[in-house]
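None of the figures in this text is laboratory data; all of them are computed from the coordinates on show. Bear in mind the structure is a predicted one, so any value in this text is a computation, not a measurement. Positions of Cβ are backbone-derived with ideal geometry, glycine not excepted, and every protein chain shown enters the neighbour counts.
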Amino acid sequence: MITLIRNISSLATVNTNGKNYKIGSEMQDIGEIKNASILFDDKILWIGQDSEVDNYIRTNKISPDNIINANGKTILPGFVDSHTHIVFSGNRSNEFGKRLRGATYKEIADEGGGILNTVKATREASLETLYNNGMKLALNAIKHGTTSFEIKSGYSLNLDGEIKQLKAIKKMKDTLSCEIKSTFLGAHDFPPEYRDDREAYIDLLCNEMIPEVAKLQLADYCDAFVDVGYYTYEQGRRILEQAKNYGIGLRLHADELGDVSAGKLAAEMKCSSADHLLFVSDESIKAMKESGTVACLLPGTAYFIRMPYANARKIIDNGLITALATDTNPGSCFTENMQLILSLAVINMKMTAEEAISAATINGAYSIDISHKTGSLEIGKNADFAIYNCDSYIDIMYHFGINHVEETWINGKKFEFNNF
Ligand code: NIG
Ligand code: FE
């Protein structure tokens, strides 16, 4: 079925002319068309000025039922949330309360809370519960304009539990029409059973867990939390090398709590992305530029755990492929709203509105290897976009903290929330 949306006040194509990512000053150009029309079936067939579309309608019959007037509305490509932990069980609002009374994220983790708190609840949960919890957050993200996801395991830290989480993600892939990539994050923390023998857990990860995950083909990527108090540079390298041996893609939680040269490790291992980067060194930035590793920035996390924001200006101005994502998780950033992430990025990381949109769409898509299909509105790509009830994309950041999305369209179909 062919649909035409016309009289769109502002449509940002985020066009890359086939390059499929943007760096430096290219991020500033989001290909805005005012008074636009877009024609699509499941893929985009044509985009242009509304004034040019009448000829097309005359020669190609489009039922009036399939013509939508978007007067006063804005269209952006669907957000690509390239870093989420939405499949978990439990609730850590009690820890949040403690943090509000002065405890730090690290103090809570040192007391056995934090990630391990969620690990306990996730181990006890059924696959069905994990699937339902993940779906609830994904549906809410879609309501806020997200059309593609990366989703990580990492809240079980044992073979059966991690497989259960990855199977819940697989079930989400099978249910939702979105592009979804899955990541094995067995190296998120050290499980309580291996508290005093961390190397033995790394043996388990490398000798049993990675081979099994690969055999079951449950993960597109492997990730590790290489940071102060978590995995060391060398431990991270061992895990990534083993994942690479098994043909799994690589990404990394890097330099969130301190500089441990994790950005450099990500570059050396040719990871698709290094994420967080609050404390990334100049040396790591240089290495990431050379390797083409995407810098995925997660301003919601800096906000939520009251940390200094990543230096987005330096990262973008050095020509790194820069993405923005939510990091949705129950401890360090509990939001699935990408519009809010854009607001945080422009206010607190000094990104321009256009850079934030490029980072949240095409560059996120590039980092999870789907930018040839989605992340920008170009002929032949998936018709994945959201319709915003405002005149221009700038309003999404200007009028902040509310949901501007009126409809989300995935593969050319209006997403029907009532079906779930
Ligand atoms: O991405 N950095 C490590 N992991 C998560 C936090 C997970 C949690 O607190 O549950 C993050 O910030
Ligand atoms: Fe994370």
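Would you list which aspartates and glutamates come within 14 Å of LYS73, measuring only between C-alpha atoms, while excluding same-chain residues fewer than 8 positions from it?
Result set, ordered by chain and number: GLU32, ASP50, ASP391, ASP395, GLU406, GLU407.
Which of the three applies to the range 64-122, rounded, prolate or oblate, going by the alpha-carbon gyration tensor with a ≥ b ≥ c and a/c under 1.5 meaning rounded?
Judged from the Cα gyration tensor, the range 64-122 comes out prolate (a/c at least 1.5, a/b above b/c).
Against the longest principal axis of the chain, how steep is helix 127-143, in degrees 0 to 90 to the nearest 10, with axes from Cα atoms?
Long axis of 127-143 versus the principal axis of the chain: about 40 degrees.
Would you mind computing, in nm to one decimal, how far apart the modelled labels at LEU100 and ASN245 are, each placed 7 Å from Cα along Cα→Cβ?
4.8
Starting from the Cα of LYS106, draw a straight line to each of the lysines and keep only those under 30 Å, dropping any in the same chain fewer than 8 residues away.
The reachable lysines, counting only those whose Cα sits under 30 Å from LYS106, are LYS98, LYS120, LYS136, LYS152, LYS164, LYS181, LYS264, LYS270, LYS286, LYS314, LYS350.
Give, as ranges by residue number, the residues of the range 1-43 whose backbone N falls under 18 Å from the point 7 Å along Cα→Cβ of ASN389.
8-10
Subtract the Cα-Cα distance of ASN55 and ARG198 from 0.36 nm times their separation in residues, and report this length gain in nm to one decimal.
Using 0.36 nm per residue and subtracting the Cα-Cα distance, I get 44.7 nm.
What are the semi-axes of the equivalent ellipsoid of the chain, taken as the square roots of 5 times the eigenvalues of the Cα gyration tensor, listed largest first and rounded to whole Å?
37, 22, 20
Against the longest principal axis of the chain, how steep is helix 115-124, in degrees 0 to 90 to the nearest 10, with axes from Cα atoms?
Helix 115-124 and the main axis of the chain meet at about 80 degrees.
List the aspartates and glutamates whose Cα sits under 17 Å from the Cα of LYS171, skipping any in the same chain fewer than 8 residues away.
Cα-Cα hits under 17 Å: GLU128, GLU150, ASP160, GLU162, GLU179, ASP220.
Given the options PHE96, PHE88, PHE184, state which has the largest fluctuation in a GNM of the chain using a 10 Å cut-off (strictly under) for Cα springs.
Looking only at PHE96, PHE88, PHE184, the largest GNM fluctuation is found for PHE96.
Select from the range 187-254 those trypsin sites (Lys or Arg not before Pro) which occupy a DSSP coil region and have at most 13 other Cβ atoms within 10 Å, ordered by residue number.
Filter output for the range 187-254: ARG195.
Given 0.36 nm per residue, what is the gain on full extension from TYR398 to GLU107 after removing their alpha carbon distance, in nm?
101.2 nm
Express in whole angstrom the spacing between the alpha-carbon centres of the range 179-242 and the range 330-353.
28
Can you give the calculated 222 nm mean residue ellipticity of the chain, where each DSSP H run of n ≥ 4 adds -39,500 (n - 2.57) and the sum is split over every residue, rounded to the nearest 500 deg cm²/dmol?
-10000 deg cm²/dmol
Taking only Cα atoms, what is the 0 to 90° angle, nearest 10, from helix 338-348's long axis to the longest principal axis of the chain?
Around 80 degrees separate the two axes.
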